[in-house]
Amino acid sequence: MEKNQTKIFMGNYHDPLRKTIISFIQFPEKKEKVAVILFPIRNSNGNNWTIEVSTQVGCAVGCMFCNLPKFSENLGVKHLKQQVSLVLAVAKKFPDHFNFSNNEKFKLSFTDGGEVLLNSNFSEIVEYAVLGDLFSYLKFSSTLPNAQIVHKNFDRMIEFTEYNPDKRFHMQVSLLASNDEMRKKIAKANLMPVKVVSHYADKFKQETGRKITLTFTMMQGYSLVNPEEIRNQFSPDSVMIRLYALKSHAKNSLIGLQNLDESIALSLSDELNSLGFASFYASSPQEIIVGYDDESNEEKFLQYGKRIIF
Ligand code: SF4
């Protein structure tokens with residue numbers, strides 16, 4: 001990979017005390033850049049590090065608030081390894097900021113770089129993530145497009161969770177809206193009906209004992225979260241709920257999308273809690289600025305950190 005094909009930024013995007021690396025890689029044989037991000041997470045067990053990789057070039061789902069280009073290609077294990085090696089090699093150059101041990105276990109996140117369950121290389125990708133020593137925790141996010149391959153890959157993921165009890169798995173479903181009519185307005189792709197998503201949530205819970213997290217991106221002017229509607233279709237025993245603030249980037253500004261007023265988002269979250277769901281609203285501005293490669297993001301990254309030559 002040539003140096004000038006990769007843009008790398010480092011700054012305090014997620015955590016005022018600790019640095020994040022954001023890299024945009026242009027694979028020589030691919031048309032668009034993909035992102036790989038290394039960031040710290042603080043949790044009740046202390047700190048850990050997440051590597052967020054891209055699994056596709058672009059995305060076929062076409063959520064209205066997302067700035068990924070149209071889908072062009074699936075990535076494979078070879079590309080994932082390159083993303084992970086790059087971000088760790090950058091981190092090793094800055095040991096004061098990235099002070100993890102030689103046998104550090106990372107969280108590998110398949111959340112923002114394409115629709116992972118539409119990838120025909122899904123099994124190989126998860127096998128690489130599960131069988132190696134580098135990752136102890138895998139996080140998936142999917143909108144559950146209504147396609148045969150998604151059903152197959154979801155079942156495959158459940159198999160991986162069963163056969164690898166030493167690894168932690170977290171599954172997020174980006175439901176987008178609590179009813180099918182509104183979901184059709186938010187995504188271009190044909191998605192599974194909410195009742196099928198609910199079936200999958202129950203299945204995931206029964207077979208793994210863990211809950212799926214349903215996520216919603218909050219936007220002004222769109223009635224996306226109706227707590228009663230959610231309660232009628234999902235059991236609080238099977239799902240948790242996370243409401244996300246809208247990411248700020250050039251495309252959202254261009255089409256006039258704005259974040260929902262925080263007090264409304266918080267009261268929706270309270271209502272969901274009162275219906276028995278574990279629910280919370282994530283408004284972190286550090287989280288909001290992480291996005292894909294466009295000039296407006298570059299300005300934001302430079303406000304919080306610097307571009308580095310590697
Ligand atoms: S599924 Fe994820 S990556 Fe794809 S368009 Fe929607 S938000 Fe973007």
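FYI, it's all coordinate maths here, none of it is from the lab. Because the structure is predicted, anything quoted here is derived from the model rather than measured. Ideal geometry is used to build each Cβ from the backbone, glycine not excepted, and the neighbour counts take in all protein chains shown.
Below, the figures for the structure above:
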| item | result |
| --- | --- |
| Sorted by Cβ neighbour density within 10 Å, fewest at the top, the residues 112, 270, 96 | 96, 270, 112 |
| Packing-based exposure ordering (other Cβ within 10 Å, fewest first) of 18, 168 | 168, 18 |
| Inter-label distance, nm, simple model (7 Å from Cα along the C-beta direction), residue 283/residue 182 | 1.9 nm |
| For the range 101-118 and the range 211-279, distance of Cα centres in Å | 24 Å |
| Cα gyration tensor shape of the range 3-308, rounded if a/c is under 1.5, else prolate or oblate by comparing a/b with b/c | rounded |
| Ranked list, fewest to most other Cβ atoms within 10 Å of each Cβ, for 97, 79, 14 | 97, 14, 79 |
| Cysteines without a disulfide-compatible partner [the chain; Cβ-Cβ under 4.7 Å] | 59 |
| Taking the range 105-182 and dividing mean pair separation by its residue count, relative contact order in percent (alpha carbons under 8 Å, at least six apart) | 36 percent |
| Two-site label geometry, residue 261 and residue 303: point separation in nm, points 7 Å out along Cα→Cβ | 2.4 nm |
